[in-house]
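**Student:** Have a look at this one.
The values are calculated or read from the model by the stated rules, or taken from the named source; none is laboratory data. It should be emphasised that the depicted structure is a prediction, and the values quoted were computed from it without experimental measurement. Positions of Cβ are backbone-derived with ideal geometry, glycine not excepted, and every protein chain shown enters the neighbour counts. Note: areas computed on protein heavy atoms with side chains; ligands, DNA, RNA excluded. Shrake-Rupley method; radii C 1.70, N 1.55, O 1.52, S 1.80 Å.
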Amino acid sequence: MVSLYLPIVKFILALKLEFSKPQLNHLFTLVHGIILCAGRKNITQIRNAARQDRHLSSLTNFLNHAPWCINRMQRRRMHFVMEKIRAKRMKHGDTKRLAFLIVDDTCCKKETTTKKMEALSFQYSHEAGKSVWCHCVVTAHVVCEGHSYAWDFRPYYREEYCSKHGLSFKSKNDLAAEMIEAFPAAQDEQVYVLMEYTSEKIINCCNRKGYHVIAAVKTNRLICVSGVTISIADFAAQYIRKADLRSVTVESQGTYWVYEYEGPVSEMENVKALLSWKDEYAASSKPQVCLLCTDLSLDLVTIQCYYHVRWNTETGYRYFKELLGFDQYQLLSFVGIQRFWAIQYLTQNYLESQRQDWMRSDKHLTLGDVVYRIRQEFFGQIIVYVYQQALEKKPLFDILKHLKIPA
């Protein structure tokens, strides 16, 4: 009998989700199928990849209507993740208790012909450079002690959609602040919130929690230099010369020409801003990167290195969408879609946990390597099963039927 991949079962059982046995079986099937499915990942393909006998309607009913709590799944998963991280920290005796919480947003693009799928709207996509028909999700990602876990998500609805459906509108900053407020940092942990862009609301939220922010800021933001208020872009073009810059080399990132400013930036008081030019400085030009940091004790190189951790969310989106099919769902109910996302997060957390275990013998493993290895091991199980059935002289047609392989 070809069974489910045992480490997946152990991981899900360790979360203590309080699911019924049929619900657990559906969850095993979905996680298993998401990992094994090599092509497009709609529910049909996920079910087929898992090679389970459950009817397709049972899986869709589990996502759309079954009585289970997505918030409890999220809480149990997050608790498990933090326990793994802190156990590794205790084992290594790490006294530098840093945690990075990366907040960003992404679009799950759909065809404009998809009219019956709930909660779709036109949203601006930075990747496409234009508005696209999609679901928009604000996400959080945790990097700590070498672990890189997808952490939390909040769907973003346009104000018009909220008015039409009687929902209270929350901006992307509101949703980001919710996830920052909910992050369960220990008292002895220093949390750095990394963002592509930030706002006064996020800064104030982090100040209340005792977190620091490192984020990019637009060059039209105002700064105050010697009592003169001026935009960052105008200040760089009019007053900065190459002699004012420092050459900073950051490992794996290259060399930057950096101007360091400390003071107010727009509505944010007393922060550190780094105006950076990559590789070469051009006179009277805008800085290519402008970073803001609320931790005034950090030096230039450390700020650049910490901000580079934000790249984990970019690679995370790529793994989510290309490897796990985060945006490939065809469910109509938005309840089912959000549950599918929650299961995607659980799947990523399992893969990262497995990566950490296997990295003891191979320090350069990626999530893609982990998925490939699981697929190979599962294929090996199928070979063993076929061999055993052949030894027992079972008819080939019966073996193919059990494996759901057409003759």
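**Student:** Is it the case that region 317-340 has a residue that's surrounded by 19 or more Cβ atoms within 10 Å (Cβ to Cβ), more than 30 Å from F62 (Cβ to Cβ) and among the β-branched types (V, I, T)?
**Tutor:** no
**Student:** Here's a follow-up. Quickly run through region 296-352 and pick out the residues that are assigned to a loop (DSSP other than H, G, I, E, B) and closer than 24 Å to E83 by Cβ.
**Tutor:** Our first condition is that a residue be assigned to a loop (DSSP other than H, G, I, E, B); within region 296-352, this holds for 296-299, 309-310, 324-333.
V309, L324, listed by residue number.
**Student:** Quick check on region 251-269. Is at least one of its residues in a loop (DSSP other than H, G, I, E, B), at positive phi and surrounded by fewer than 16 Cβ atoms within 10 Å (Cβ to Cβ)?
**Tutor:** We begin by selecting, within region 251-269, every residue in a loop (DSSP other than H, G, I, E, B); these are 251-253, 266-267.
Going one step further and asking which of them are at positive phi, we end up with 252, 266.
Applying the additional criterion that residues be surrounded by fewer than 16 Cβ atoms within 10 Å (Cβ to Cβ) yields 252.
Checking region 251-269: at least one residue is in a loop (DSSP other than H, G, I, E, B), at positive phi and surrounded by fewer than 16 Cβ atoms within 10 Å (Cβ to Cβ).
**Student:** So, one more: On the given criteria, is A273 in contact with a strand residue (DSSP E or B) (Cβ under 9 Å, 6 or more places away or on another chain) and either assigned to a strand (DSSP E or B) or surrounded by 14 or more Cβ atoms within 10 Å (Cβ to Cβ) (or both)?
**Tutor:** Spelling it out, A273 is indeed in contact with a strand residue (DSSP E or B) (Cβ under 9 Å, 6 or more places away or on another chain) and either assigned to a strand (DSSP E or B) or surrounded by 14 or more Cβ atoms within 10 Å (Cβ to Cβ) (or both).
**Student:** Moving on. Give just the number: which of (1) open to solvent by less than 50 Å² (accessible area, probe 1.4 Å); (2) touching a residue at least 60 places away in the same chain (Cβ under 8 Å); (3) outside any strand (DSSP E or B) does K286 not satisfy?
**Tutor:** Only one criterion is unmet by K286, namely (1).
**Student:** If a residue must be open to solvent by 70 Å² or more (accessible area, probe 1.4 Å), out of contact with any Phe, Trp or Tyr (no Cβ under 9 Å at 6 or more places or on another chain) and in contact (Cβ under 8 Å) with a residue 40 or more places away in the chain, how many such residues does region 101-119 contain?
**Tutor:** Residues that pass the stated criteria total 1.
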